[in-house]
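Have a look at the structure below, then the notes.
The values are calculated or read from the model by the stated rules, or taken from the named source; none is laboratory data. Treat the numbers as computed from the prediction; the structure is a model and nothing was measured. Here the Cβ is made from the backbone with ideal geometry for all residues, glycine too, and neighbour counts use every protein chain on show. Note: accessible area is taken over every heavy atom of the protein model, side chains too, but ligands, DNA and RNA are not part of it. Shrake-Rupley method; radii C 1.70, N 1.55, O 1.52, S 1.80 Å.
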Amino acid sequence: MMPRVAMSWRMRIPWRRRSSSRALNTLNDDAHRSRQIILSPPLVSLDIPDDWAPSPHSLHFDFPVNCSHERTAAIIDGKSIADQIRSNIGSEVRRMKESIGMVPGLGVIMVGQRKDSETYVRNKMMACEEVGMKSYIAQLPDHCTKDQLLKALSKFDVDPSVHGILVQLPLPQHLDEREIMDVLSPEKDVDGFHPINMGNLAMRGREPLFIPCTPKGCIELLLRSGVGIVGKKAAVIGRSNIVGLPASLLLQRHHATVSIVHAFTKNPEHITSGADIVVTAAGVPNLVRGNWLKPGAVVIDVGTNPVEDPSCERGYRLIGDVCYEEAVRVVSAITPVPGGVGPMTIAMLLSNTLDSARRAYAFT
């Protein structure tokens, strides 16, 4: 029997004390009680961040792992699959240019000078160039106002040569991401985060114009690896609007039975160990240990976590949410970090931009 690893999850619940005192005041104040029908707080007040905090030993592998099935998992090569998809996109872009003299265009808005954001944007623009798409960037200072950002957004929105708009996240704290995403045109929302696109993703019988790139890439990896989804048990670890939530919705649309694991879940290893497919996007290095996984399961590891490593040129290396050294001895297939989901995210962004241009030009 494999050892269970205790995890220390610190959960900050800023609304609990205020809600308790508010409920007490309600009970003691007849006038207020007469106006309040229910005591439940607004749902948005429950939307507090998941705080996943692994115990210190979770970054190390200094204990034995006893697996009932010794195996070496197949590696799902996201880079190879993404390269194939990008090659096909390039062919379609060339065909569009030869047929109608137009090519897809992507507009990127970046606020500030975060090194990681600059890297992500540079990679996306290079990918556009490689497949023959046009790319445009609006670089705004860190202290820009909401009006300045909305002006840049509007400029891309009315430009017929721009078919997709991407606002590089995260934004500085003084800018409300929700307000910006609400203004973004759903027809150019190639990230798939607009409430209309997310809502259509959630509803049976509805088709979003765009599916969020990372979850879309996860499904594509499963399908291209010959992994059946229909009727399978799936566990999604993490519930962010960017990955966890849309991934769970997308798996349901593919007829999987989905469980969502988050920082408040009791006995998460019990839930994940029964899943045929595990998609993890918690952003916690080595959160998922070997005993969390069902023998023969398929793991899609979205986590990209930098950990200090003096032996590396940059002083750090990237690891996933899954303890890779343990998982490969248990599961049947797994994505590596790096080289798994990351390249697929950019490939799906290019795919969404191409689809947008096809609709704009009625190009088939």
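Which ones in the stretch 235-245 are more than 15 Å from L221 (Cβ to Cβ) and surrounded by 22 or more Cβ atoms within 10 Å (Cβ to Cβ)?
Taking the stretch 235-245 first, the residues more than 15 Å from L221 (Cβ to Cβ) are 235, 237-242, 244-245.
Residues satisfying the conditions are A235, I237, G238, G244.
All of (1) open to solvent by less than 70 Å² (accessible area, probe 1.4 Å); (2) hydrophobic (A, V, I, L, M, F, W, C); (3) modelled with pLDDT of 95 or more hold for C67 with one exception: (3). Within the stretch 301-329, the set of residues being within 22 Å of the chain's Cα centre (by Cα), touching a residue at least 60 places away in the same chain (Cβ under 8 Å) and under 23 Å from A74 (Cβ atoms) comprises V302, D321, C323, A327. Within the set H270, H255, the sole residue that is surrounded by fewer than 17 Cβ atoms within 10 Å (Cβ to Cβ) and on the phi > 0 side of the Ramachandran plot turns out to be H255. Per this entry, G107 is not counted among residues that are touching a His at 6+ places or on another chain (Cβ under 9 Å), of a type in the set (G, A, S) and farther than 22 Å from A357 by Cα.
V121 passes every criterion in (1) over 30 Å from P295 (Cβ atoms); (2) open to solvent by less than 90 Å² (accessible area, probe 1.4 Å); (3) modelled with pLDDT of 95 or more; (4) not small (G, A, S) apart from (3). Just one of (1) of a type outside the set (A, V, I, L, M, F, W, C); (2) outside any strand (DSSP E or B); (3) surrounded by fewer than 18 Cβ atoms within 10 Å (Cβ to Cβ) fails for P306. It is (2). When the stretch 332-358 is limited to residues that are surrounded by fewer than 23 Cβ atoms within 10 Å (Cβ to Cβ) and touching a strand residue (DSSP E or B) at 6+ places or on another chain (Cβ under 7 Å), the one that is farthest from G320 (Cα to Cα) turns out to be S332. The set of residues in the stretch 222-267 being part of a loop (DSSP other than H, G, I, E, B), more than 15 Å from V278 (Cα to Cα) and among the charged types (D, E, K, R) consists of K266 alone. In the set I85, I165, I100, only one residue is more than 28 Å from V183 (Cβ to Cβ) and in contact with an Asp or Glu (Cβ under 8 Å, 6 or more places away or on another chain); that residue is I85. Using the structure shown, decide if G192 is on the phi > 0 side of the Ramachandran plot, under 14 Å from the mean Cα position of the chain (by Cα), open to solvent by less than 60 Å² (accessible area, probe 1.4 Å) and touching a residue at least 12 places away in the same chain (Cβ under 8 Å). The answer is yes for G192. Residues in the stretch 155-169 that are outside any helix (DSSP H, G or I) and surrounded by 14 or more Cβ atoms within 10 Å (Cβ to Cβ): D159, S161, V162, H163, G164, I165, L166, V167, Q168, L169.
Out of all the residues in the stretch 134-148, is one or more touching a helix residue (DSSP H, G or I) at 6+ places or on another chain (Cβ under 9 Å), surrounded by 15 or more Cβ atoms within 10 Å (Cβ to Cβ), at pLDDT 95 or above and assigned to a helix (DSSP H, G or I)? Scanning the stretch 134-148, I find no residue that is touching a helix residue (DSSP H, G or I) at 6+ places or on another chain (Cβ under 9 Å), surrounded by 15 or more Cβ atoms within 10 Å (Cβ to Cβ), at pLDDT 95 or above and assigned to a helix (DSSP H, G or I), so the answer is no. The set of residues from the stretch 170-180 being surrounded by fewer than 19 Cβ atoms within 10 Å (Cβ to Cβ) and in a helix (DSSP H, G or I) comprises E177, R178, E179.
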